[in-house]
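Reviewing the structure listed below.
The values are calculated or read from the model by the stated rules, or taken from the named source; none is laboratory data. Given the structure is predicted, the values throughout are model-derived calculations rather than measurements. Virtual Cβ from ideal backbone geometry, glycine too; neighbours counted across all protein chains shown.
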Amino acid sequence: MTIQDLGSIGELLAAVATIATLIYLARQLRANTAAVRGDSRRASRSSSSASNLLIASDPAVAALFRAGLQDFRGLSPDQHTQFSFLLAEQMAAWSNAYDEFESGLLSIEHVDQTNIAYLRFLMTPGGQEWWATYRTTYPPSFAAYVDAHIETAAHKQRATSGEAAAQQGVEPDAE
């Protein structure tokens, strides 16, 4: 065996070692990505937990939240501020989930599941008033995403109320 033959064997072994290293790194990267996605899902679930717990544990805060959802503009200035912060905290969780979707960390299905709760808030009279006031404080792509879901939900509500009215023999516009 010549020195050239040994050099060729060394190059072959180096190539095999490089391929093995790349395979190992790819597996580690996949495992890390899965862990980051799991952390993102947990974080998006827990990000609104503090405000949910506050609303659930304090009857005065719950009453304020309900009042704000019914008549945002009818709140006193202090109540307006409190309600705005409570709803903004809820919307931050939805916005964060959407950001993580755009970054590839969450699936759109996860974001859509998240929107069910928050969309109920925005479909109330006070929620609609709040969104009209604060919509521009959110990234345009998220605001458009929320607007599309509001429109879809409103369309479903109109269709459902029309079906209910038809079953009762009442014209939908007569309600």
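List the helices (runs of 4 or more DSSP H) that sit entirely inside the range 1-104 and contain at least 2 residues that are at pLDDT below 90.
Result: 3-46, 49-57, 77-102.
What are the residues in the range 136-156 that are of a type in the set (D, E, K, R) and surrounded by 13 or more Cβ atoms within 10 Å (Cβ to Cβ), if any?
147
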